[in-house]
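Notes to accompany the following structure.
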Amino acid sequence: AGIRLAIVGATGAVGQEMLKILEERNFAIEELICLADPREAGTKLKFKGETVTVQSAGPEHFKKSDVAMFAVGTDIAKEMAGTALKNDCVVIDNSYAFRLQEDVPLVVPEVNPEDIDWHKGIIANPNCSTIIMVVAINPIYKAAGLKRVVVSTYQAVSGAGKAGLEELEKHSRDYLEGREVSPEVFAYPIAFNLIPHIDVFVEDDYTREEMKMVWEARKIMHAPHLQISPTAVRVPVFRSHSESINLETEKPITPELARQILEKSPGVVVQDNPAENTYPMPLFTAGTDEVYVGRIRKDISVENGLAIWVAADQIRKGAATNAVQIAEILAAKNQY
Ligand code: 2RA
């Protein structure tokens, strides 16, 4: 038993992680089809001890699949989703292509799993920095309401894929060995630097990465008027995004109560004990599937204020694991 599953973009950072997580979680698969662009066709991948040969994605593959997990860019996702739908294959898309479309649920299983019920063939996986934020703030929103959110992100270079990882390593060596550092993936040298610019600049001089957090969180949390002001920063960290989040709640909530609520929240691990220097750090959240929350304290600058620090593996929970959790719900409820 199991479903016939296609992974489009199987050779990319997120696609590879999807395979790894499907295997770890023993996802029931009747047939696995790994697809990528023609240049990658023929690549051999390992899955549950078997070798799977990557094929160049075509309509015939979607005809043979119940669900396709897309780990590709927005343009390719737009191109391929139509073919998949025509062949009755449900799409879980990790790109930005369909996230804000009315008839496409945007889902974080710990927050709004019920939205999967009304999918019309496509389910969108949110942006990694959005997933990490909403898993942490939704429990507070449910308990005390939210008037305002101010969030600064500290985003790992692997958010820009393998090339981002390679650039951090190269820039670090070049810098330490006194060589000229020439940026290709990022706008400036990333070693020993912080770049407050991810994606492109849009209205009000915010970046699209920042506005994704606003638009997507409102849809996922069913909070269309939630006021959020993000600052998205690229930092010289290989893996895991971190976020400093200030919350102004509607009702008073103490840090102690917030901590208790978060400790009982799905997908959250509280690491919060200043007396023992205990708090989340990207070096230690890499490779895990939870969202780690610490530094839970009053925001002393405002009434009903709370400040928290969050970190999570943005390739796993921020993308691949979230998508696999959606596939698990689809399979369990036969909604494909
Ligand atoms: C980044 N969130 O970190 C974006 C895309 N993964 O670059």
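Out of GLU256, GLU328, one residue alone is in a helix (DSSP H, G or I), open to solvent by 10 Å² or more (accessible area, probe 1.4 Å) and in contact with a Phe, Trp or Tyr (Cβ under 9 Å, 6 or more places away or on another chain). It is GLU328.
Out of curiosity, is ALA57 open to solvent by less than 70 Å² (accessible area, probe 1.4 Å) and touching a residue at least 40 places away in the same chain (Cβ under 8 Å)? Taking the combined requirement at face value, the residue satisfies it. Counting only residues that are in a helix (DSSP H, G or I), more than 16 Å from the ligand (Cβ to nearest atom) and under 21 Å from ASN127 (Cα atoms), how many does the range 140-178 have? Going through the range 140-178 one residue at a time, the tally reaches 2.
Scanning the range 75-102 for residues that are open to solvent by 40 Å² or more (accessible area, probe 1.4 Å) and either over 18 Å from PRO38 (Cα atoms) or without any contact (Cβ under 8 Å) to a residue 24 or more places away in the chain (or both) returns ASP75, LYS78, GLU79, LEU85, LYS86, ASP88, TYR96, LEU100, GLN101, GLU102.
Here SER182 passes the criteria (1) among the small types (Gly, Ala, Ser); (2) assigned to a loop (DSSP other than H, G, I, E, B); (3) surrounded by 14 or more Cβ atoms within 10 Å (Cβ to Cβ) except the one numbered (3). Of the listed requirements (1) closer than 24 Å to GLY121 by Cα; (2) assigned to a strand (DSSP E or B), HIS61 misses just one: (2). Note on the range 103-138: residues that are open to solvent by less than 30 Å² (accessible area, probe 1.4 Å) and either among the aliphatic types (A, V, I, L, M) or more than 16 Å from the ligand (Cβ to nearest atom) (or both) amount to 22. All of (1) open to solvent by 40 Å² or more (accessible area, probe 1.4 Å); (2) within 23 Å of TYR141 (Cβ to Cβ); (3) outside any loop (DSSP other than H, G, I, E, B); (4) small (Gly, Ala, Ser) hold for SER301 with one exception: (3).
The values are calculated or read from the model by the stated rules, or taken from the named source; none is laboratory data. For clarity, every value in this text was computed on a predicted model and none was experimentally measured. All Cβ positions, glycine included, derive from the backbone under ideal geometry; neighbour counts span all protein chains shown. Note: areas computed on protein heavy atoms with side chains; ligands, DNA, RNA excluded. Shrake-Rupley method; radii C 1.70, N 1.55, O 1.52, S 1.80 Å.
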